[in-house]
Each structure stands twice: as structure tokens, then as C-alpha cells.
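Participant: Got a structure for you, questions after.
The values are calculated or read from the model by the stated rules, or taken from the named source; none is laboratory data. In this text, all values refer to a predicted model and were calculated from it rather than measured experimentally. Backbone-built Cβ (ideal geometry, glycine too); neighbour counts: all protein chains shown. When the accessible area is computed, the model is the full protein with side chains, heavy atoms only, and any ligands, DNA or RNA have been set aside. Shrake-Rupley method; radii C 1.70, N 1.55, O 1.52, S 1.80 Å.
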Amino acid sequence: ERRYNSRPQVFSAPGRVNLIGEHTDYNDGFVLPFAIDKRTYVGCKNRDDGVINVHSRTLNECSTFTLGDAGRINGWSLYVKGMAEVLQRRGTAINGADLLIDSDIPFGAGLSSSAALEVAIGLALATIGGNSVDKVALAFAGQEVEHEYIGLRSGIMDQFTSALAAADHALLIDCRSMAFERIPMELGDLEFVVCDSKVEHELADTEYNKRRAECEEGVEILKGRFPAVLSLRDVSAEELDEAAELLPEVIRRRCHHVITENDRTLKTAAALRISDFAQIGDLMYRSHESLRSDYEVSCTELDLLVKIAKNFDGVIGARMTGGGFGGCTINLLRKDRSENFKSHITAKYQEATGRETNVFNVDPSDGAYLHPAEGRS
């Protein structure tokens, strides 16, 4: 007989910053993210009537649905319903639950608040119902929710990081084989600071899916010259140059970004292993320029934040992070310049745009877990 826990339990999953490797995950490429110390928390109590009641403290909103009910719901609760239904289809027994959600991950900032919600909800529902949890499978369930319920053809990086990251480590993920390596981040006198442009991105309503389609178009064209190609992961920069005349200019630039970004990601991972932060900073700047010019997913505000950072003494590297069209930049800088940097970039950004920016430190943190019973409030 299956046993489940009827006592309330607390679960959480983190947001993420991508150090480098943007828009490579859905091209079977390499990414190098880390989880951040901002999380989504789920208090969960089992029910046996198939009903899921959920309240978001962050939004002060409630939602109720019954498992197996074909009725459509919208907004944030769709992530909850989607995760419950996907897990059920994958063989996870769920009886119903009362859920309380809270989060300190900024919404719409490109820090994967949606993936954190999916992973935290999935871990809670699976665990409270007495199921064993495979975190890799949990990540893929979250991705399925994005594809089927949200309409965003995202890669696996966000959910994978939220589920499997480790404190003080970056996560090098091979998005074809799903092999991963946790690489220690020995930052010493350096730290990471995030600058939120306060330009919210709605990726499902932007050109994100179009970028993926453009990459797929490039692959189909390149197969005519290189039949073994399955994805842009299989194309070298030299081969792209050789076949350049076959590709429309926009498609060529999209392909060029992905191919060179894969190379930058592997070089950054190698530099991280030996704590060569000067090289990492240079690769971060190169990545941003490629995202701006070849992939065209940056925006005026993100470019401005990177420019201000690059001109500030003590900053080692800066780039946009996340899907783009708004969101955040990630900055690597000396700790002794951190407070001056925060006040400087805040003032310069507001002067140029009239917008405020939220600037905060992020520490590489653990992936999803069940919180111990002791000390819960």
C-alpha cells in the first residue's frame, strides 16, 4: 500500500542566472548556469479528494481545480495545474493538495521564476503523495508544462538548474546528452551582482519561438551541405563559413551566435576550473555582443546596463542573462567595488532611461529540496 504524508511540509526551488550559454539549450548545445539565493517556497498538505487548492501569497490570489477536470484556467495557476497533470501522465500518484506559495524571485526578470515554481510544485506534489522523486525527470516535466500549457518552446536549462544545482558551483550541462558537471566557483574577492532592467519580458509573446524556428531552418539548409548535422551543435564555425552563401543573412547570423556561444561556454567552463576570471569576463562581453548583434534578443536598456558596467573600474565582465527582450544583466566584479558600483549604475541608468533598476548580489545556491521540519514558522 502506498503511504503518503498528511502533515504540512515546505519545499523550495531556486531561480537561476546563466553565466554564459544563451539560446544554446534548445540547439543541443552547452549552458553554464547557477542557481541563485532567491527561491520559490511551497507549503503543501496532502488531500485525498483530488482537489488542489492553491494560494499565492506573492500575488494574494487563490485558485482551485480538480485533478482530471478538463476546464481551462489561466495565469500563474496554469503552471500548477500543468505540473500536476504532467506528473500524473508520467505515472506520479497525486491525491490532491492544499498549497501555499511564496517567492522572492522577481517576476519577468529572466531569473526563471516560472521554472522555480514548476520544480517546487512538482517536488511538493510528488513527495507529499509518497512518490520517489527523480529530479532529472522533474525538470523534464517542468519543460513539458512550458511547451504544452504555456506555449513557450523553451530548452531544459531553467528547470534542470532549479532542480539539480549545488551551492558554490556552476552547472555545465550538455543539453544533448543531459550529462552535467558541477564546477566549483571559487570567487575569492569577486562576486556576482544582478541588475534588473525592470523591462519585463513575456517570452511567449515575443520572438523567442521565432528564434528557435530560425535555428531549425538553418539546420535544414546546412544538412544539404553536411548530411550528418542534427542540430547547430554539430556545425563548426568553419563549416558555417563554408556554407554561408546557402543561408539567408538573418539565418546565418542566428546560426553564428549559437555556434560561437557553444564555444564560449566551453571556454568559460575551462577558465572557471582554473579560476581565470579575466578570461571569463572577456567571454561574457563577447557573449553579450553576439546576443545583441547576431541573435537580436537584447534591448536598449540591457545594452546600456552592460555599457555602464564595462566602463566602471572593478567590473570584470557583464552580459544580459536569460531569454532577452528585457530582464537582467549579470555582472562579475570585485567585492571592494560592489557598493560603489550599485549606486553608480543605479544613478546612471535612471538618468538615461527614467527607470529604476533593482541591483542585488546573487550567491550560487542549492537546487530544489524539502526543508527540514525543525525551525519552520
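Participant: Applying the selection to the range 286-311, what residues are small (Gly, Ala, Ser), in contact with a Phe, Trp or Tyr (Cβ under 9 Å, 6 or more places away or on another chain) and assigned to a helix (DSSP H, G or I)? Walk me through how you get there before you give the answer.
Facilitator: Of all residues in the range 286-311, those small (Gly, Ala, Ser) come to 287, 290, 293, 298, 309.
Narrowing further to those that are in contact with a Phe, Trp or Tyr (Cβ under 9 Å, 6 or more places away or on another chain): 298, 309.
Once the filter is applied, which keeps residues that are small (Gly, Ala, Ser), in contact with a Phe, Trp or Tyr (Cβ under 9 Å, 6 or more places away or on another chain) and assigned to a helix (DSSP H, G or I), the range 286-311 yields only Ala309.
Participant: If a residue must be open to solvent by less than 50 Å² (accessible area, probe 1.4 Å), assigned to a helix (DSSP H, G or I) and either among the small types (Gly, Ala, Ser) or within 19 Å of Ser275 (Cα to Cα) (or both), how many such residues does the range 327-354 contain?
Facilitator: Number of matching residues: 1.
Participant: For the list (1) among the β-branched types (Val, Ile, Thr); (2) open to solvent by 30 Å² or more (accessible area, probe 1.4 Å); (3) assigned to a loop (DSSP other than H, G, I, E, B), I need the number of the one condition that Val199 fails.
Facilitator: Failed condition: (2).
Participant: For the range 272-293, name all the residues that are buried (at least 19 other Cβ atoms within 10 Å of the Cβ) and aliphatic (A, V, I, L, M).
Facilitator: Leu272, Ile280, Leu283, Met284, Leu291
Participant: If you don't mind, another one. Condition check: in contact with a helix residue (DSSP H, G or I) (Cβ under 8 Å, 6 or more places away or on another chain) and small (Gly, Ala, Ser). Does Gly314 satisfy that? So that I can check it myself, show each step before the final result.
Facilitator: Details: in contact with a helix residue (DSSP H, G or I) (Cβ under 8 Å, 6 or more places away or on another chain): yes; small (Gly, Ala, Ser): yes.
Answer is yes for this residue.
Participant: Please indicate, with yes or no, whether at least one residue in the range 175-190 is among the hydrophobic types (A, V, I, L, M, F, W, C) and under 14 Å from the mean Cα position of the chain (by Cα).
Facilitator: Within the range 175-190, the first condition is being among the hydrophobic types (A, V, I, L, M, F, W, C), and the residues that meet it are 175, 178-180, 183, 185, 187, 190.
Narrowing further to those that are under 14 Å from the mean Cα position of the chain (by Cα): 175.
Yes.
Participant: Sticking with this structure for a sec: Please verify whether the range 154-167 includes one or more residues that are modelled with pLDDT of 95 or more, farther than 20 Å from Lys38 by Cα and small (Gly, Ala, Ser).
Facilitator: No, because not a single residue in the range 154-167 is modelled with pLDDT of 95 or more, farther than 20 Å from Lys38 by Cα and small (Gly, Ala, Ser).
Participant: So which residues in the range 44-68 are of a type in the set (Gly, Ala, Ser), at pLDDT below 90 and in a strand (DSSP E or B)? Full working, then the answer.
Facilitator: If we filter the range 44-68 for residues that are of a type in the set (Gly, Ala, Ser), which is where we start, we get 50, 56, 63, 68.
Imposing the further condition that a residue be at pLDDT below 90 reduces the set to 50, 63, 68.
Across the range 44-68, the qualifying residue is only Ser63.
Participant: May I pose another question? Applying the selection to the range 88-107, what residues are open to solvent by 20 Å² or more (accessible area, probe 1.4 Å) and more than 18 Å from Ala141 (Cβ to Cβ)?
Facilitator: Asp98, Leu100, Asp102, Ser103, Asp104, Pro106, Phe107
Participant: Condition check: surrounded by 23 or more Cβ atoms within 10 Å (Cβ to Cβ), within 27 Å of Asn60 (Cα to Cα) and under 19 Å from the mean Cα position of the chain (by Cα). Does Ser154 satisfy that?
Facilitator: Details: surrounded by 23 or more Cβ atoms within 10 Å (Cβ to Cβ): yes; within 27 Å of Asn60 (Cα to Cα): no; under 19 Å from the mean Cα position of the chain (by Cα): yes.
So Ser154 does not fit the description; no.
Participant: From Thr127, Thr161, which residue is touching a strand residue (DSSP E or B) at 6+ places or on another chain (Cβ under 7 Å), touching a residue at least 24 places away in the same chain (Cβ under 8 Å), surrounded by fewer than 24 Cβ atoms within 10 Å (Cβ to Cβ) and within 14 Å of Ala368 (Cα to Cα)? First the steps, then the outcome.
Facilitator: Working: Thr161 fails: surrounded by fewer than 24 Cβ atoms within 10 Å (Cβ to Cβ).
Answer to the check: Thr127.
Participant: I'm trying to understand the selection: among the residues of the range 299-322, which are of a type outside the set (A, V, I, L, M, F, W, C), closer than 23 Å to Arg211 by Cα and surrounded by 24 or more Cβ atoms within 10 Å (Cβ to Cβ)?
Facilitator: Looking only at the range 299-322, we keep the residues that are of a type outside the set (A, V, I, L, M, F, W, C), and these are 300-301, 303, 307, 310-311, 313-314, 317, 319, 321-322.
When the remaining residues are screened for being closer than 23 Å to Arg211 by Cα, the result is 300-301, 303, 319, 321-322.
Within the range 299-322, Arg319, Thr321, Gly322 qualify.
Participant: Next up: Please go through the range 38-62 and pick out each residue that is surrounded by fewer than 19 Cβ atoms within 10 Å (Cβ to Cβ) and hydroxyl-bearing (Ser, Thr, Tyr).
Facilitator: Thr58
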